[in-house]
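Every number in this text was worked out from the coordinates using simple rules, so none of it is lab data. Treat the numbers as computed from the prediction; the structure is a model and nothing was measured. Every residue, glycine as well, gets a Cβ built from its backbone with ideal geometry; the counts of neighbours run over all protein chains shown.
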Amino acid sequence: MKSVARQRLRVVVLGGGYAGTMAALRLAPYAQVTLVDPADRFTERVRLHELAAGRPEVGHSRAAMLRGTGIEHLAARATGLDPGARAVHTDCGRTLLYDRLVYALGSHTDLRGPGDGDAPGRAPWAGAFTAESAAALHKRLRDGPGALAVVGGGLTGIEMAAEIAEAHPGWQVRLLTGGEIGGGLSVRGRDHVRTVLDRLHVRVEEGRRVADGDDAGADAVLWTGAMAAAGSLARDAGLETDPATGRILVDAALRSVSHPDIYAAGDAAAARTPRAGALRMACATALPTGSHVAGAILAESRGAEPRPLSYAFLVQCVSLGRHDGLIQSVRGDDTPRERVLTGRPAARVKEQVVRNAVRVLRLAARRPGAVPFIPGIGR
Ligand SMILES: Cc1cc2nc3c(=O)[nH]c(=O)nc-3n(C[C@H](O)[C@H](O)[C@H](O)COP(=O)(O)OP(=O)(O)OC[C@H]3O[C@@H](n4cnc5c(N)ncnc54)[C@H](O)[C@@H]3O)c2cc1C
């Protein structure tokens, strides 16, 4: 970093989700930051099931969020990386040069399926992982009623099925999964999920492998079976990525193992810590990894060696419609303990956790120096 020591460090942040926004806000007082994201609104992605079910808005004005920070928001899509020239190409025709790049492009539904025949094929519907696709699913639900199959028994599938069944009782909702639902939950946690889904008339079909969208036997099929990182830009540019997940392979400080002037955060990073192991794709990991890359870049710019990421899981928070939920206590490595909170109190806790994510970003805009002291976000 010697060559850039005397001039303001140029940092380009790709992706304005939880991770990228956090990184940009923390870096802003010390660097010339350009945030590249086509959307002029920050999407609360953890509310996309609410948007699909009918919540009118899950976005926040990006201009308001970044006001006064000095961050330039380039409303464009990154289309190519040239690590040799330290350049990012965008679909608005601008090429951005950087000293450090933060890659935080998130993830999307893996429409290839997990490779065991559990693929969506010609699904009449597939995925609700962007604000646009969730809003389009809502339109489809309003045009109903009919039969909806949610494929995938992980937390996203559970949240989607419960939310939609509660808001659209005219639709027959089924939750299909090759294994059992909520595989990462405790016995008590899973029992509670089953009870609530039953109350909402969601038919759970476990051990049900879906060959393609037609096989699900529904008017609309929502695929939540697997997530893949938005890693193709990185891979095409020669960065080392995990072939199974598309995530960028990073060292303990979240630097690309093949291109150390590129950092990765959020769903796009194959981050791990000694206590947590491999980090799950989550808002709960996107904020701390976004904060961490900012701290690492700042440390590096001062000539110090960036610290390794320190992170351990605490809880999994699951909404089950607007009036019920599950707070599953977990060990640092994300394995479940038997302790759970359920019902309305859990729904309230989950709502506060979701709000806190936006509150933390707003705080980072006003007082970026305070972020390292927020429990669970870290340096
Ligand atoms: C329905 C649903 C419910 C969820 N619930 C929870 C939950 O309860 N708790 C939890 O911890 N996690 C939850 N998650 C997961 C969580 O939303 C993600 O893990 C989190 O959003 C990842 O943050 P990120 O910043 O890495 O990526 P994202 O939030 O996905 O942001 C990526 C950004 O990159 C932008 N982008 C993409 N491609 C380009 C490009 N080429 N150029 C420029 N910009 C681009 C996108 O517009 C987006 O703004 C849920 C996810 C879904 C879909």
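Provide the packing ranking of 74-85, 251-262, i.e. peptides ordered by the mean count of other C-beta atoms within 10 Å per residue, highest first.
With the highest mean Cβ count within 10 Å placed first, the list reads 251-262, 74-85.
If the elastic network links every pair of Cα atoms under 10 Å, which of Y263, Y103, Y311 fluctuates the most in the Gaussian network model of the chain?
Taking springs between Cα atoms under 10 Å, the residue moving most is Y311.
With just the Cα atoms defining each centre, how far is region 36-96 from region 313-379? Give it in Å.
Value for the Cα centre distance between the two parts: 24 Å.
Starting from the eigenvalues of the Cα gyration tensor, five times each then square-rooted, give me the equivalent ellipsoid semi-axes of the chain, largest first, whole Å.
One finds semi-axes of 36, 22, 19 Å for the chain.
Where both partners of a DSSP beta bridge lie in the chain, what percent of those bridges are antiparallel, to the nearest 5?
Bridges in the chain that DSSP calls antiparallel: roughly 45 percent.
Please state the shape class of region 192-349: rounded when a/c is under 1.5, otherwise prolate if a/b exceeds b/c and oblate if not, all from the C-alpha gyration tensor. Spell out each step's value before the answer.
Working: a/c = 2.95, a/b = 1.56, b/c = 1.90.
Oblate, since a/c reaches 1.5 and b/c is not below a/b.
Taking the square root of 5 times each eigenvalue of the Cα gyration tensor, what semi-axes in Å does the equivalent ellipsoid of region 131-223 have, largest first?
Working through the eigenvalues yields semi-axes of 21, 15, 12 Å.
Once you keep just the Cα pairs under 8 angstrom separated by 6 or more residues, what percentage relative contact order results for the chain?
The value is 18 percent.
From the helices alone, meaning DSSP H stretches of at least four residues, give me the mean residue ellipticity at 222 nm for the chain, per-run term -39500 (n - 2.57), in deg cm²/dmol to the nearest 500.
The helix contribution divided over the chain gives -9000 deg cm²/dmol.
Dipole magnitude of the chain about its Cα centre, charges +1 at Lys/Arg Cβ and -1 at Asp/Glu Cβ only, in debye to the nearest 20?
With only Lys, Arg, Asp and Glu charged at Cβ, the dipole is about 1580 debye.
How large is the Kirkwood hydrodynamic radius of region 241-289, counting all unique pairs of alpha carbons, in Å?
For region 241-289, the Kirkwood estimate is 10.6 Å.
So if each residue of separation counts as 0.36 nm, and I subtract the Cα-Cα distance between T195 and D82, what length gain in nm does that give?
Length difference between fully extended and current span is 35.5 nm.
With a cut-off of 18 Å, note down the residues of region 167-188 whose backbone N falls inside the zone around a label point 7 Å from the Cα of E206 toward its beta carbon.
Only 174-188 fall inside the zone, counting backbone N under 18 Å.
Please give the helix 283-301 orientation as an angle from the longest Cα principal axis of the chain, in degrees from 0 to 90, rounded to the nearest 10.
Result, in degrees: 10.
Are there trypsin sites (Lys or Arg not before Pro) in region 294-377 that DSSP marks as loop and that have at most 14 other Cβ atoms within 10 Å, and which are they?
Answer in residue order: R302, R331.
I'd like the orientation of helix 343-366 relative to the chain: the angle between its Cα long axis and the longest Cα principal axis, in ° from 0 to 90, rounded to 10.
In the chain, helix 343-366 runs at an angle near 20 degrees to the longest axis.
Can you say what percent of the DSSP beta bridges in region 14-91, counting only those with both residues inside, are antiparallel? Round to 5.
65
Does anyone have the angle between helix 18-27 and the longest principal axis of the chain? Alpha-carbon axes, 0 to 90°, nearest 10?
20
If you average the sequence gap of Cα pairs under 8 Å that are 6 or more apart and divide by the length of region 144-294, what percent do you get for the contact order? List each step's numbers first, then the result.
Values: 262 pairs, mean separation 28.3, N = 151.
Relative contact order for region 144-294 comes out at 19 percent.
Once each part is reduced to its C-alpha centroid, what is the distance from region 295-312 to region 152-173 in angstrom?
Comparing the Cα centres of region 295-312 and region 152-173, I get a distance of 41 Å.
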